[in-house]
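**Student:** One structure, as structure tokens, below. Some questions next.
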Amino acid sequence: MKKSIVILIVLNIMVALALPMVCSVETENVYENNDMFLRLHVRANSDGEEDQELKLKVRDTVLSKTSALLKNCESKESAISILSKNFDLIEKEAEKTVAENGYDYPVSVEIKKEHFEYREYEGFFLPEDTYDSLIVTIGSGEGHNWWCVVFPAICLSGSSTTVAAEEEDSEKSNDEKNENQDGEEEGDKSGENVSSSKEPDVNEDEEKTDDSVSASVEVDLSAVPEEYHLAEKTVPQEVKYDFWIVRFFKSLFGIK
């Protein structure tokens, strides 16, 4: 009995001495400026080839209009205010483009928060976070979508395609492509080509690459803060030390 007590005491002393060495380290990416971005989300009426082409034409119209409206804008809050006051104008211009291409789909515009996974674009990246997003819905909005950034003015009009911007892929269509890439006909949803440098987002309705109409836009990297440039990418980290004994007593006494 005494021997067991001695062993227990020795073990307790050893554990106490080892505490400084027994800890877990948690690292978190820390980006202070994520909230400065206003994303752009254009929802196609359907996955039909013509509707996907129309989506890109509406995108160009919207980017042209937002670029003009936000020319002297200096903050995201100001951008949201300006765009909110011009929803009718943006909708009218988008519907004009729809009509010019022989369709009568209605177009709706709104701004709300959406969650985005980490994403690499041509020359820059955006961390996983919840962003404010300008959402343009064409018709039923049931087709795959196109994403970029409307403020700062990073993604410019698609009529000048000097640098490729992102045409994001749905997680579902990307998985199907990998499973069916051999023997699939061109134009099949699961077999269309996707950019190998892009990772799928969590939203299942995201965009697949459409080569029938240029999916590119001009990207102004000068509008992207340097910390988001891929060429100079350094991941700032916040290190948190978490001793297991501390976790034990916190859980024991219900301390958060």
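**Student:** Give the stretch 52-90 a look and list any residue that's among the acidic types (Asp, Glu), within 14 Å of Phe37 (Cα to Cα) and in a helix (DSSP H, G or I), or say none.
**Tutor:** Across the stretch 52-90, the qualifying residue is only Glu77.
**Student:** Cβ-Cβ under 9 Å, sequence separation 6+ or interchain: first residue in the stretch 59-81 and without any contact (Cβ under 8 Å) to a residue 60 or more places away in the chain, partner of a type in the set (S, T, N, Q) and part of a loop (DSSP other than H, G, I, E, B). Which pairs?
**Tutor:** These pairs meet every condition: Thr61/Ser157; Lys65/Asn86; Leu69/Asn86.
**Student:** Quick check: anything in the stretch 28-35 within 13 Å of Val98 (Cα to Cα) and either part of a helix (DSSP H, G or I) or modelled with pLDDT of 95 or more (or both)?
**Tutor:** No - not one qualifying residue is present in the stretch 28-35.
**Student:** Quick check on the stretch 112-125. Is at least one of its residues free of Cβ contacts under 8 Å to residues at least 60 places away in the same chain, more than 18 Å from Asn33 (Cα to Cα) and either part of a strand (DSSP E or B) or among the β-branched types (Val, Ile, Thr) (or both)?
**Tutor:** Looking for residues that are free of Cβ contacts under 8 Å to residues at least 60 places away in the same chain, more than 18 Å from Asn33 (Cα to Cα) and either part of a strand (DSSP E or B) or among the β-branched types (Val, Ile, Thr) (or both), one finds at least one in the stretch 112-125, hence yes.
**Student:** Sticking with this one: Within the stretch 97-109, work out how many residues are exposed (fewer than 13 other Cβ atoms within 10 Å of the Cβ) and outside any loop (DSSP other than H, G, I, E, B).
**Tutor:** Count: 2.
**Student:** Take the residues of the stretch 126-159 that are part of a loop (DSSP other than H, G, I, E, B), modelled with pLDDT of 85 or more and among the aliphatic types (A, V, I, L, M): which is surrounded by the fewest Cβ atoms within 10 Å (Cβ to Cβ)?
**Tutor:** Only one residue fits best here, namely Ala153.
The values are calculated or read from the model by the stated rules, or taken from the named source; none is laboratory data. Quick caveat: nothing in here was measured; it's all calculated off a predicted structure. Positions of Cβ are backbone-derived with ideal geometry, glycine not excepted, and every protein chain shown enters the neighbour counts.
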